[in-house]
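Quick notes on the structure that follows.
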Amino acid sequence: MFLEQNKKMNMGEFNRLYEMVFPILFRVAYRIAGSEEAAEDLCQEAFFRLHEKNMVFPGPDDAKYWLIRVVKNAALNYAKRKERERRAYQRAFKEDTRKVETGEGDYIREETRLEMQEALDKLPENLRAVLVLKEYAELNYKEIGRTLGISEGNVKVRVFRARERLAGLIAKDGSYVS
């Protein structure tokens, strides 16, 4: 599929890659950015960059890992930018950021999601990245290692440490996550 270095990817190959990788990219982007619209935009931008640059890879897995890295980095940049914007708006307008929910179930789900996101945000980047790729992108240890450029054993250690820290943070805050 991607073997000839001087050959551009045809539309059939591009469409197969898109169908195979988009769901993974979307889960990663959504988990980091926290917005479906932003996640879709970030994924589309990654595929646009792939097509625009006429990138050629030895195999489909290499393209997949490159796209995951691009989306992960773009989503992290998006999340940082949104946080800076939020703080600027709060300072400028002194807005109340609390949301009023209707319905007890919706409220509990949203609170649980926020508590989990806060706990994830407290993790160091190296631990948070492996956990997001493992749990939300549903990549295996080998794929995570290739994506992040670390050994499979290091991925296993980081996932274990991330889960332990996350459990400790949730327990420390007295949260209950279902």
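Would you check if there is a residue in region 45-52 being closer than 29 Å to Ala119 by Cα and at pLDDT 90 or above? The answer is yes, given that some residue of region 45-52 is closer than 29 Å to Ala119 by Cα and at pLDDT 90 or above.
Residues satisfying the criterion are present in region 130-153 (criterion: aliphatic (A, V, I, L, M) and surrounded by fewer than 19 Cβ atoms within 10 Å (Cβ to Cβ)). Each residue in region 130-158 was checked for being assigned to a helix (DSSP H, G or I), of a type in the set (Val, Ile, Thr) and over 14 Å from the mean Cα position of the chain (by Cα), and 2 of them qualify.
Residue check: is Leu127 surrounded by 10 or more Cβ atoms within 10 Å (Cβ to Cβ), in a loop (DSSP other than H, G, I, E, B) and modelled with pLDDT of 90 or more? Judged against the criteria, Leu127 is not a match.
The values are calculated or read from the model by the stated rules, or taken from the named source; none is laboratory data. What you see is a predicted model, and the numbers here were worked out from it, not measured in a lab. Quick reminder, even Gly has a Cβ in these numbers, built from the backbone with ideal geometry, and neighbours come from all protein chains shown.
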